[in-house]
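Student: This is the structure I have questions about; it appears just below.
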Amino acid sequence: MNRMIYLDNAATTRITDEVLACMLPFLKDSYGNPSSIYDLGANNKDALSEARKKIAGVLSCEPQNIFFTSGGTESDNWALIGTAESRAHQGKHLITSKIEHHAVIHTCQYLEKRGFEITYLDVDEQGFVKKETLMNALRPDTVMVSIMTANNEIGTIQPIAELGELLKNHPAYFHTDAVQAFGQIPIKPEEWHIDMLSASSHKFHGPKGAGFLYVRDGIRLPSFLHGGKQERGQRAGTENVAAIVGMGKAAEIAAQTMGVRDERERALRDYMISRIEKEIPYCHLNGPRRNRLANNVNISFSFVEGETLVVLLDMEGICCSGGSACTSGQVAVSHVLKAIHLEPETARGALRFTLNEETTKADIDYTIDRLKEVLDESRRMNSSYRSFIGINQRHS
Ligand SMILES: *Cc1c(COP(=O)(O)O)cnc(C)c1O
């Protein structure tokens, strides 16, 4: 069967045809440098302002608050390192959570090596950062708090507005990695007291290699890349015009379709979870049932390795992920599943399916049917499963 079912939209998304179409002119005839003053360049400059306006529109902020970057990773690095270095004279303490993306966690580890102190907040069993936990960790020398808007593995949507309210009167900057959330849920940086926010185009049906950092008025981060005067002197380098144009279009479409998509995906997500829970024994939903990304299903299956299921499902034309895409290939248990206190065996049996608006009920049914087959097969080969259900190995 040549069917391909793509259920790994947290890893990346398919570029929308409409998005690709509006990028093509900038990869072909309209190749000018946005910094040049003749028409061929100026057209590109206009295209950048249009994209900036579209993204600002989605966040109800001003275009000047949006800085284009190469993606979520760069935005996170810039926000954290830029803040730490420029505010080191005021304090060298930063707070983040134990379930952040590696773009944040590894950047924090880099800062630790350079003399900064990081507090990694515990989360509860659903992955939520509790207001009290943050409150207790805050210190007068805390210069930044970075908590992701939604988690890429288990879909937990943090109470960002509440956390922002708590931080409103503290001098620490509040950064949120909204890479999984942007285009999926409404985000209001100003109302929620967010100082900086990261997003990435390829997570909302735009091209790879483009992203942005929202920075509120009144904060001037030190430049992360040094060179020309691009991005108002804050981020040097000739802009990735085609990708940025595509990102602007993708952001606009995401905002327009958010309500419909949310409802559709949520219904399918819940259908998938309930079918699995009803029909497959020894499984466990990871992450919350409420305040969960509408497209995220993460379930652990006992007596199997998630990675094995990923490979077997791939042979059936189904793309999904074991734990997090960034940890696949490594045997290490995901830091997120560890932080929500899953037993290592349960964590290793985790599978993540992330849907999109094109996913159908037929896709989900097909996936669950194949899942049941491959799961049966792998469990039967597992000796602890066999002794658990009482099949004597000598008879098999
Ligand atoms: C994908 C992802 C990133 C990294 O974004 P890139 O654009 O791929 O560098 C950062 N944070 C989260 C939560 C992500 O899901």
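Student: Amide H to amide H, which residues 5 or more places from LEU121 or on other chains are under 5 Å from it, using H placed in the peptide plane?
Tutor: HN-HN under 5 Å from LEU121: THR96, SER97, LYS98.
Student: If you take the square roots of the eigenvalues of the alpha-carbon gyration tensor of the chain and sort them as a ≥ b ≥ c, do you get rounded (a/c under 1.5), prolate (a/b over b/c) or oblate? Let's see the in-between values first.
Tutor: On the way: a/c = 2.21, a/b = 1.42, b/c = 1.55.
Note, shape of the chain comes out oblate.
Student: What are the residues whose amide H is under 5 Å from the amide H of THR69, where those residues sit 5 or more places off or on another chain and H is modelled from the backbone?
Tutor: The list, which skips near neighbours in sequence, is GLY211, PHE212, LEU213.
Student: Moving on to the next point. Just grab the label-to-label distance for ARG114 and GLU85, each label 7 Å out from Cα along the Cβ direction, in nm (one decimal).
Tutor: So the label points at ARG114 and GLU85 sit 0.5 nm apart.
Student: Name the residue, out of LEU27, LEU313, LEU268, whose mean-square fluctuation peaks in a Gaussian network model built on the chain with Cα pairs under 10 Å.
Tutor: LEU27
Student: Strictly greater than 23 Å: what percent of every Cα pair in region 198-289 meets that?
Tutor: Numbers: 2130 of 4186 pairs.
I get 51 percent for the Cα pairs in region 198-289 exceeding 23 Å.
Student: Provide the gained length on full extension for the span MET135 to ARG220, in nm with one decimal, where the gain is 0.36 nm per separating residue minus the Cα-Cα distance.
Tutor: Numbers: separation 85, 0.36 × 85 = 30.60 nm, distance 2.60 nm.
That works out to 28.0 nm of additional length.
Student: Kindly write out, for region 219-236 in residue order, the coupling ³J(HN,Hα) from the Karplus curve 6.51 cos²θ - 1.76 cosθ + 1.60 (θ = phi - 60°), rounded to whole Hz, with x marking Gly and Pro.
Tutor: Ordered by residue, 3J(HN,Hα) equals 10, 10, 6, x, 4, 9, 10, 9, x, x, 8, 4, 6, 6, x, 9, 8, 6 Hz.
Student: Once you order the gyration tensor axes a ≥ b ≥ c over the Cα atoms, which shape class does region 196-354 get: rounded for a/c under 1.5, otherwise prolate or oblate by comparing a/b with b/c?
Tutor: Numbers: a/c = 2.34, a/b = 1.87, b/c = 1.25.
Taking the square roots of the gyration eigenvalues as a ≥ b ≥ c, region 196-354 is prolate.
Student: Also: Using a 7 Å offset from the Cα along the Cα-to-Cβ direction at both GLU62 and LYS229, what is the distance between the two label points in nm, to one decimal?
Tutor: 1.9 nm
Student: What order do ARG386, ARG87, ARG264 take when sorted by accessible area (1.4 Å probe), most exposed first? Walk me through the intermediate numbers first.
Tutor: Numbers: ARG386 40, ARG87 20, ARG264 105 Å².
Largest to smallest exposure gives the sequence ARG264, ARG386, ARG87.
Student: Work out which helices of the chain, taken as complete DSSP H runs, extend at least 24 Å along their axis over the Cα atoms and score a mean Kyte-Doolittle of -1.0 or more, then list them.
Tutor: Details: long enough: 39-59 (30 Å, -0.38); 241-279 (49 Å, -0.25); 361-380 (28 Å, -1.12).
Going by DSSP H runs, the hits are 39-59, 241-279.
Student: Nearest 0.05, what FRET efficiency do ALA161 and TYR31 give at R0 = 51 Å with Cβ-Cβ as r?
Tutor: Numbers: r = 43 Å, r/R0 = 0.84.
My answer for the efficiency is 0.75.
Student: Per residue, what accessible area does the chain have, given a 1.4 Å probe and all protein chains present, in Å²?
Tutor: Details: 17590 Å² over 396 residues.
That works out to 44 Å² per residue.
Student: What is the extension gain from ASN382 to LYS53, computed as 0.36 nm multiplied by their sequence separation minus the C-alpha to C-alpha distance, in nm to one decimal? Numbers along the way, then the final one.
Tutor: Numbers: separation 329, 0.36 × 329 = 118.44 nm, distance 5.51 nm.
Length gained between ASN382 and LYS53: 112.9 nm.
Student: Same structure, new question: Considering only DSSP beta bridges whose two residues both sit in the chain, what percent are antiparallel, to the nearest 5? Walk me through the numbers on the way to the answer.
Tutor: Numbers: 20 of 39 bridges.
DSSP beta bridges in the chain are roughly 50 percent antiparallel.
Student: Name the long-range amide H neighbours of ASP8: under 5 Å, sequence gap of 5 or more, or other chain; modelled H, no Pro or chain starts.
Tutor: The answer is THR354.
Student: Turning to a different aspect of this structure: For region 114-130, take each phi angle, set θ = phi - 60°, evaluate the Karplus expression 6.51 cos²θ - 1.76 cosθ + 1.60, and give the result in whole Hz per residue in order, putting x for glycine and proline.
Tutor: Once rounded to whole Hz, the list reads 9, x, 8, 10, 10, 9, 9, 5, 5, 10, 7, 5, 9, x, 7, 7, 7.
Student: For ILE389 and LYS361, compute 0.36 nm times the residue count separating them, minus their Cα-Cα distance, and round to one decimal in nm. Please report the intermediate quantities before stating the final value.
Tutor: On the way: separation 28, 0.36 × 28 = 10.08 nm, distance 3.21 nm.
Gain on extension, ILE389 to LYS361, equals 6.9 nm.
Student: Right, something else. For SER274 and ALA21, what is the calculated FRET efficiency with R₀ set at 35 Å and r taken between the beta-carbons, to the nearest 0.05? Show your work: numbers first, answer last.
Tutor: Numbers: r = 38 Å, r/R0 = 1.10.
The computed FRET efficiency comes out at 0.35.
Student: Another question about this same structure. Of the candidates SER97, SER223, SER200, which one comes out as most mobile in a Gaussian network treatment of the chain with C-alpha springs shorter than 10 Å?
Tutor: In the Gaussian network model the winner is SER223.
Student: A further question follows. Counting only protein heavy atoms, what percent of the accessible surface of the chain is carbon or sulfur at a 1.4 Å probe? List each step's numbers first, then the result.
Tutor: Details: 8950 of 17590 Å².
Answer for the chain: carbon and sulfur cover 51 percent of the accessible area.
Student: Taking 7 Å along the Cα-to-C-beta vector as the label spot, tell me the VAL260-TYR38 distance in nanometres, rounded to one decimal.
Tutor: Placing both labels 7 Å along Cα→Cβ, they lie 4.4 nm apart.
The values are calculated or read from the model by the stated rules, or taken from the named source; none is laboratory data. Small disclaimer: the values here were computed from a predicted structure and weren't measured. In this analysis, Cβ positions are derived from the backbone assuming ideal geometry, glycine residues included, and neighbour counts consider all displayed protein chains. Side chains included, ligands, DNA and RNA excluded: accessible areas come from the protein's heavy atoms. Shrake-Rupley method; radii C 1.70, N 1.55, O 1.52, S 1.80 Å.
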